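The values are calculated or read from the model by the stated rules, or taken from the named source; none is laboratory data. Being a predicted model, the structure only gives us computed values, none of them experimental. All Cβ positions, glycine included, derive from the backbone under ideal geometry; neighbour counts span all protein chains shown. With ligands, DNA and RNA removed, areas are computed over all heavy atoms of the protein, side chains included. Shrake-Rupley method; radii C 1.70, N 1.55, O 1.52, S 1.80 Å.
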Amino acid sequence: MATINDNYLKLKAGYLFPEIARRVNAFAQAHPEAAIIKLGIGDVTEPLPTACCEAMTKAVVDMGDRSTFQGYGPEQGYAWLREKIAKFDFQARGCDIDASEIFVSDGSKCDSGNILDIFGDRNSIAVTDPVYPVYVDTNVMAGHTGEVNAKGEYEGFVYLPISAENNFTAEIPKEKVDLIYLCFPNNPTGSTATKAHLQAWVDYALSHGSIIFFDAAYEAFITDPDLPHSIYEIVGAKNCAIEFRSFSKNAGFTGTRCAFTVVPKTLTAKAADGSDVELWKLWNRRQSTKFNGVSYIVQRGAEAVYSSEGQAQIKALVEFYLENAKIIRQKLIAAGVAVYGGVNAPYVWVKTPNGLSSWDFFDQLLQGCHVVCTPGSGFGAAGEGYVRISAFNSRKNVEEAMARITDKLS
Ligand code: MLT
């Protein structure tokens, strides 16, 4: 008889976003007249930059012509895309990252889960609380945790609480942890990290032989010139950090699918025999075996992000969503609600009014305002008493949603 991976049975009911979608669909079916505005999942609404569309249209023509047709591409991504990423996203910021250290993929969510393939089963793992649930669930699936308790915490994780008191940035742990997940600008709280904060993490990782998984999927939303966009802006990070990046949020590729992961060749971790092994080699082996690369057409679209037109167009897109975030912040603050984030990030982290639980406030907003948010408790026990409001929507919908919510709160 075939058996299953029992670790899946430890997972809490459903992945957060499908669970929200299930509740919203049930409400929509019962109330077909309700004009529901979704500010829950961070999914973009604005069309792709013209530069990307034009590049992909041309790439389709390439594929229909014998002389330019492409079969399997390199599993790591085409050199012409990796070179642009290295130059524009890293070398231009003074980060010594080479094109060969970039691995193009179909998503940061997939990469941040898949990366566990190359790590051992006995690492101690630190996550913030609240946290992007993928980091937690993929470790549960891989058997790196015990059971979940009533608060939703899994045995075996080191949880690092983030709250208004510590500006939603985790304190450096007292104990030794091997793998550390950091996400800045932060999902879900919209907080950011200074260079000094990241330097403290890098120093910690270097002194303990730890590896930092740095999720920078929202770096394009940083407008403060003093804030780092990449962990490799921090001295020593090339010896302790893997970085995840995405075209989903800056160029609107959530449905188009393109991202990349940076694994510096200087990174090592221990084999069972105590020897140091280059993580780049393992990730390269993993990707070559389990992944066939992103389509030529999509990579051409991603390459266009780095053209001068593309750069101007993604800047405009990011500014558009940041203006939405500003509107959300301003309207809620005026209504007397405590809000965080939403300045260098597309997410606004909102304290629920009157001590309501996250799901109760979610239900109030859905049923009373027909607005969907994300309950903070879905991101971890310390997210209880908060909801996350996403700035990814049209201006009209954001303004309408805020009018409905502030009307209800007044
Ligand atoms: C979110 O809403 O947290 C994100 O859209 C999830 C993701 O990017 O996978």
- Item | Fraction of accessible area attributable to carbon and sulfur, segment 336-410 (%, probe 1.4 Å) | 47
- Send over the per residue convex hull volume for segment 56-212, Cα only, as a whole number of Å³. 166
- Message: Normalised by the empirical 2.2 N^0.38 Å for globular proteins, what value does the Cα Rg of segment 355-410 take?
- Response: 1.12
- Considering only protein heavy atoms and a 1.4 Å probe, what is the carbon-and-sulfur percentage of the accessible area of segment 52-307? 51
- Query: Do you know the relative contact order of the chain, to the nearest whole percent, from alpha carbon pairs under 8 angstrom that are 6+ apart?
  - Reply: 23
- Just how far, in whole angstrom, is segment 93-116 from segment 183-199 if you go by their alpha carbon centroids? 19
- Residue among Pro32, Thr223, Ser295 farthest towards the positive dipole end of the chain, charges placed on Cβ: Pro32
- Query: With every protein chain in place, what's the accessible area of Phe69 (1.4 Å probe, Å², nearest 10)?
  - Reply: 120
- Item | Beta bridges per DSSP with both ends in the chain, % antiparallel, nearest 5 | 55
- Query: Which entries in Lys38/Lys174; Lys10/Lys315; Lys10/Lys84; Lys249/Lys281 show an alpha-carbon gap greater than 31 Å?
  - Reply: Lys38/Lys174; Lys10/Lys315; Lys10/Lys84
- Query: Given a 1.4 Å probe, how much area per residue of the chain is accessible, in Å²?
  - Reply: 43
- Mean residue ellipticity (222 nm) of the chain, computed from DSSP H runs ≥ 4 via -39,500 (n - 2.57), nearest 500: -10500 deg cm²/dmol
- Assuming a ≥ b ≥ c are the square roots of the Cα gyration tensor eigenvalues, decide whether segment 1-100 counts as rounded (a/c under 1.5), prolate (otherwise, with a/b larger than b/c) or oblate. prolate
- Item | Per principal axis, descending, Cα span of segment 146-242 in whole Å | 42, 28, 23
- Task: Taking 7 Å along the Cα-to-C-beta vector as the label spot, tell me the Ala381-Glu147 distance in nanometres, rounded to one decimal.
- Result: 1.5
- Rg to Rh quotient for the chain, alpha carbon positions, Kirkwood Rh: 0.96
- Global geometry of segment 13-52, whether rounded, prolate or oblate, following the gyration tensor of its Cα atoms and the 1.5 cut on a/c: oblate
- Item | Fraction in percent of alpha-carbon pairs per bin - 10 Å, segment 262-410 | 10, 27, 19, 22, 17, 5, 0
